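The values are calculated or read from the model by the stated rules, or taken from the named source; none is laboratory data. None of the values given here were measured: they were computed from a predicted structure. Using ideal geometry, Cβ is built from the backbone for each residue, glycine included, and neighbour counts are taken over all protein chains shown. Surface areas here come from the heavy atoms of the whole protein model, side chains and all, with no ligands, DNA or RNA. Shrake-Rupley method; radii C 1.70, N 1.55, O 1.52, S 1.80 Å.
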Amino acid sequence: MAKGEKHIAIIIPALNEENTIATVVKAVISYGDVIVVDDGSTDATADIARKAGAQVIYHKVNLGYDMALFSGFSRAIEKGYNICLSIDADNQHCPEYIPDLVRPILDREAAISIGVRPKPARLSEGLFRIYTRLRWGIRDILCGMKAYDTAVLINYVHIFRHSTIGTGVTLAAARKGETITQLDMPIREREDTPRIGRLIRANWIIFKAMMGDILSGGAYAKS
(Lines give C-alpha, C1' and ligand atoms only; values in the text may rest on other atoms or scores of the structure.)
Protein backbone atom coordinates (compact mmCIF):
# COMPACT_ATOMS: atom_id res chain seq x y z
CA MET A 1 0.00 0.00 0.00
CA ALA A 2 1.40 3.34 -1.04
CA LYS A 3 2.51 5.87 1.54
CA GLY A 4 -0.35 8.14 2.53
CA GLU A 5 -2.99 5.77 1.18
CA LYS A 6 -5.94 5.35 3.54
CA HIS A 7 -6.72 1.87 4.72
CA ILE A 8 -9.92 0.97 6.59
CA ALA A 9 -12.93 3.08 7.50
CA ILE A 10 -15.13 1.49 10.16
CA ILE A 11 -18.74 2.63 9.93
CA ILE A 12 -20.94 2.33 13.02
CA PRO A 13 -24.63 3.23 12.61
CA ALA A 14 -26.02 4.15 16.01
CA LEU A 15 -29.41 5.02 17.48
CA ASN A 16 -29.58 5.71 21.22
CA GLU A 17 -26.54 3.57 21.99
CA GLU A 18 -24.96 5.71 24.73
CA ASN A 19 -24.45 2.65 26.95
CA THR A 20 -22.27 0.77 24.45
CA ILE A 21 -20.91 3.17 21.82
CA ALA A 22 -17.72 4.10 23.72
CA THR A 23 -16.89 0.44 24.28
CA VAL A 24 -17.36 -0.35 20.59
CA VAL A 25 -15.39 2.65 19.33
CA LYS A 26 -12.46 1.94 21.64
CA ALA A 27 -12.50 -1.73 20.67
CA VAL A 28 -12.30 -1.09 16.91
CA ILE A 29 -10.23 2.09 16.66
CA SER A 30 -6.94 0.22 16.44
CA TYR A 31 -8.14 -1.43 13.21
CA GLY A 32 -9.03 1.73 11.29
CA ASP A 33 -10.60 5.17 11.35
CA VAL A 34 -14.01 5.14 13.00
CA ILE A 35 -17.06 6.96 11.61
CA VAL A 36 -20.13 6.84 13.84
CA VAL A 37 -23.40 7.82 12.19
CA ASP A 38 -25.77 8.98 14.90
CA ASP A 39 -29.17 8.45 13.31
CA GLY A 40 -31.24 10.95 15.25
CA SER A 41 -30.45 9.75 18.76
CA THR A 42 -32.13 11.50 21.67
CA ASP A 43 -29.41 10.50 24.12
CA ALA A 44 -25.67 11.29 24.35
CA THR A 45 -24.52 8.80 21.69
CA ALA A 46 -22.87 11.43 19.47
CA ASP A 47 -20.94 13.18 22.25
CA ILE A 48 -19.74 9.92 23.77
CA ALA A 49 -18.64 8.57 20.37
CA ARG A 50 -16.70 11.75 19.63
CA LYS A 51 -14.96 11.66 23.00
CA ALA A 52 -14.02 8.01 22.38
CA GLY A 53 -12.16 9.02 19.22
CA ALA A 54 -14.70 8.64 16.41
CA GLN A 55 -15.65 11.01 13.65
CA VAL A 56 -19.38 11.64 13.99
CA ILE A 57 -22.02 12.25 11.34
CA TYR A 58 -25.28 13.39 12.92
CA HIS A 59 -28.75 12.96 11.42
CA LYS A 60 -31.14 15.50 12.95
CA VAL A 61 -33.98 13.00 12.51
CA ASN A 62 -34.04 9.23 12.37
CA LEU A 63 -33.58 8.23 8.72
CA GLY A 64 -33.19 4.49 9.26
CA TYR A 65 -30.37 1.94 9.26
CA ASP A 66 -29.76 1.95 5.52
CA MET A 67 -29.49 5.73 5.29
CA ALA A 68 -27.09 5.70 8.22
CA LEU A 69 -24.93 3.26 6.27
CA PHE A 70 -25.28 5.43 3.16
CA SER A 71 -24.03 8.51 5.04
CA GLY A 72 -21.11 6.65 6.57
CA PHE A 73 -19.98 4.84 3.45
CA SER A 74 -20.37 7.99 1.33
CA ARG A 75 -18.07 9.84 3.72
CA ALA A 76 -15.53 7.00 3.58
CA ILE A 77 -15.60 6.93 -0.22
CA GLU A 78 -15.18 10.72 -0.34
CA LYS A 79 -12.17 10.47 1.98
CA GLY A 80 -10.51 7.77 -0.14
CA TYR A 81 -10.45 4.75 2.15
CA ASN A 82 -9.55 1.43 0.51
CA ILE A 83 -11.86 -0.73 2.60
CA CYS A 84 -15.16 0.13 4.26
CA LEU A 85 -16.37 -2.03 7.13
CA SER A 86 -19.65 -1.86 9.03
CA ILE A 87 -20.12 -3.04 12.59
CA ASP A 88 -23.06 -2.67 14.98
CA ALA A 89 -23.09 -0.20 17.86
CA ASP A 90 -24.60 -2.61 20.38
CA ASN A 91 -21.34 -4.43 21.25
CA GLN A 92 -22.58 -7.78 19.93
CA HIS A 93 -19.84 -8.18 17.32
CA CYS A 94 -16.29 -9.25 18.21
CA PRO A 95 -13.79 -6.72 16.74
CA GLU A 96 -10.89 -9.16 16.96
CA TYR A 97 -12.30 -10.81 13.83
CA ILE A 98 -11.78 -7.66 11.75
CA PRO A 99 -8.32 -8.68 10.42
CA ASP A 100 -9.63 -12.03 9.20
CA LEU A 101 -12.72 -10.38 7.72
CA VAL A 102 -10.78 -7.85 5.63
CA ARG A 103 -7.93 -10.17 4.62
CA PRO A 104 -9.65 -11.56 1.47
CA ILE A 105 -10.20 -7.98 0.27
CA LEU A 106 -6.61 -6.96 0.99
CA ASP A 107 -5.43 -10.06 -0.89
CA ARG A 108 -7.69 -9.18 -3.86
CA GLU A 109 -9.61 -12.43 -3.37
CA ALA A 110 -13.01 -10.85 -2.69
CA ALA A 111 -15.08 -7.72 -3.24
CA ILE A 112 -17.15 -8.23 -0.10
CA SER A 113 -16.50 -10.22 3.07
CA ILE A 114 -19.33 -10.88 5.51
CA GLY A 115 -19.58 -12.30 8.99
CA VAL A 116 -21.66 -15.38 9.72
CA ARG A 117 -23.26 -15.62 13.15
CA PRO A 118 -23.86 -19.02 14.80
CA LYS A 119 -27.65 -18.85 14.49
CA PRO A 120 -30.44 -16.48 13.42
CA ALA A 121 -32.02 -14.38 16.14
CA ARG A 122 -35.55 -14.56 14.70
CA LEU A 123 -37.77 -16.72 12.51
CA SER A 124 -37.68 -14.15 9.71
CA GLU A 125 -33.88 -14.10 9.80
CA GLY A 126 -33.86 -17.87 9.41
CA LEU A 127 -36.13 -17.64 6.37
CA PHE A 128 -34.01 -14.89 4.82
CA ARG A 129 -30.92 -17.03 5.44
CA ILE A 130 -32.47 -20.00 3.67
CA TYR A 131 -33.43 -17.85 0.68
CA THR A 132 -30.00 -16.23 0.25
CA ARG A 133 -28.12 -19.46 0.94
CA LEU A 134 -30.06 -21.40 -1.69
CA ARG A 135 -29.96 -18.63 -4.27
CA TRP A 136 -26.59 -17.00 -3.72
CA GLY A 137 -24.69 -19.19 -1.26
CA ILE A 138 -24.80 -16.38 1.32
CA ARG A 139 -25.26 -17.86 4.79
CA ASP A 140 -25.98 -14.77 6.91
CA ILE A 141 -27.10 -11.84 4.78
CA LEU A 142 -28.34 -9.92 7.84
CA CYS A 143 -25.07 -9.90 9.76
CA GLY A 144 -24.19 -6.26 10.40
CA MET A 145 -20.46 -6.91 10.20
CA LYS A 146 -19.48 -6.68 6.53
CA ALA A 147 -16.36 -5.43 4.74
CA TYR A 148 -16.31 -3.95 1.23
CA ASP A 149 -13.63 -3.15 -1.32
CA THR A 150 -14.30 0.55 -1.83
CA ALA A 151 -13.50 0.29 -5.54
CA VAL A 152 -16.46 -2.09 -5.82
CA LEU A 153 -18.69 -0.45 -3.20
CA ILE A 154 -18.69 2.83 -5.10
CA ASN A 155 -20.80 1.15 -7.81
CA TYR A 156 -23.45 0.02 -5.33
CA VAL A 157 -23.47 2.54 -2.47
CA HIS A 158 -26.62 4.25 -3.81
CA ILE A 159 -28.57 1.10 -2.87
CA PHE A 160 -28.27 2.06 0.79
CA ARG A 161 -30.85 4.78 0.06
CA HIS A 162 -33.40 1.96 -0.10
CA SER A 163 -34.75 0.12 2.94
CA THR A 164 -33.12 -3.32 2.77
CA ILE A 165 -31.72 -3.61 6.33
CA GLY A 166 -28.22 -3.41 4.91
CA THR A 167 -28.67 -6.39 2.56
CA GLY A 168 -29.21 -4.68 -0.78
CA VAL A 169 -25.60 -3.97 -1.70
CA THR A 170 -24.44 -7.52 -1.03
CA LEU A 171 -27.34 -9.04 -2.95
CA ALA A 172 -26.80 -6.68 -5.89
CA ALA A 173 -23.11 -7.56 -5.93
CA ALA A 174 -23.99 -11.27 -5.87
CA ARG A 175 -26.26 -10.77 -8.87
CA LYS A 176 -23.38 -9.13 -10.73
CA GLY A 177 -21.06 -12.04 -9.95
CA GLU A 178 -18.81 -10.23 -7.46
CA THR A 179 -16.80 -12.55 -5.23
CA ILE A 180 -18.16 -12.70 -1.69
CA THR A 181 -16.34 -14.49 1.12
CA GLN A 182 -17.79 -15.44 4.50
CA LEU A 183 -16.29 -15.79 7.96
CA ASP A 184 -17.83 -17.67 10.88
CA MET A 185 -17.74 -15.63 14.08
CA PRO A 186 -19.35 -15.66 17.52
CA ILE A 187 -21.68 -12.97 18.78
CA ARG A 188 -22.50 -11.56 22.19
CA GLU A 189 -26.02 -11.34 23.53
CA ARG A 190 -27.66 -7.93 23.41
CA GLU A 191 -29.04 -6.75 26.75
CA ASP A 192 -31.66 -4.25 25.55
CA THR A 193 -34.10 -3.84 22.64
CA PRO A 194 -32.56 -4.15 19.14
CA ARG A 195 -32.58 -1.12 16.83
CA ILE A 196 -35.27 -2.62 14.57
CA GLY A 197 -37.57 -3.29 17.52
CA ARG A 198 -39.09 -6.19 19.39
CA LEU A 199 -40.04 -9.59 17.98
CA ILE A 200 -43.18 -8.90 15.93
CA ARG A 201 -41.99 -5.58 14.47
CA ALA A 202 -38.50 -6.96 13.77
CA ASN A 203 -39.86 -10.03 12.02
CA TRP A 204 -42.11 -7.85 9.86
CA ILE A 205 -39.27 -5.50 8.84
CA ILE A 206 -37.01 -8.42 7.91
CA PHE A 207 -39.79 -10.23 6.05
CA LYS A 208 -40.53 -7.08 4.02
CA ALA A 209 -36.85 -6.74 3.08
CA MET A 210 -36.71 -10.36 1.92
CA MET A 211 -39.92 -10.11 -0.09
CA GLY A 212 -38.74 -6.80 -1.56
CA ASP A 213 -35.66 -8.52 -2.95
CA ILE A 214 -37.63 -11.50 -4.26
CA LEU A 215 -40.37 -9.44 -5.91
CA SER A 216 -38.16 -6.69 -7.31
CA GLY A 217 -35.39 -8.93 -8.54
CA GLY A 218 -32.95 -6.38 -7.13
CA ALA A 219 -34.46 -3.55 -9.20
CA TYR A 220 -33.29 -0.99 -6.61
CA ALA A 221 -29.74 -1.72 -7.77
CA LYS A 222 -30.50 0.23 -10.94
CA SER A 223 -32.12 3.25 -9.30
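Some points to look at:
- Scanning segment 29-67 for residues that are under 14 Å from GLY166 (Cα atoms), of a type outside the set (A, V, I, L, M) and assigned to a loop (DSSP other than H, G, I, E, B) yields one hit, GLY64.
- Look at segment 58-81: where a residue is under 13 Å from VAL36 (Cβ atoms) and a partner is among the hydroxyl-bearing types (Ser, Thr, Tyr) and in a helix (DSSP H, G or I), sitting 6+ places away or on another chain with Cβ atoms under 8 Å, you get HIS59/SER71; ALA76/THR150.
- Filtered by the rule that a residue be under 19 Å from ASN155 (Cα atoms), under 13 Å from the mean Cα position of the chain (by Cα) and open to solvent by 10 Å² or more (accessible area, probe 1.4 Å), segment 76-96 gives no residues.
- Which listed residue, of PRO120, PRO99, is touching a Gly at 6+ places or on another chain (Cβ under 9 Å) and surrounded by fewer than 20 Cβ atoms within 10 Å (Cβ to Cβ): PRO120
- So ALA52, is it within 25 Å of TYR97 (Cα to Cα), at pLDDT 95 or above and under 16 Å from the mean Cα position of the chain (by Cα): no
- Entry remark, segment 83-122: residues being touching a helix residue (DSSP H, G or I) at 6+ places or on another chain (Cβ under 6 Å) and over 18 Å from ILE180 (Cβ atoms) number 5 in total.
- Filtered residue count, segment 68-121, keeping only those that are of a type in the set (A, V, I, L, M) and assigned to a loop (DSSP other than H, G, I, E, B): 5
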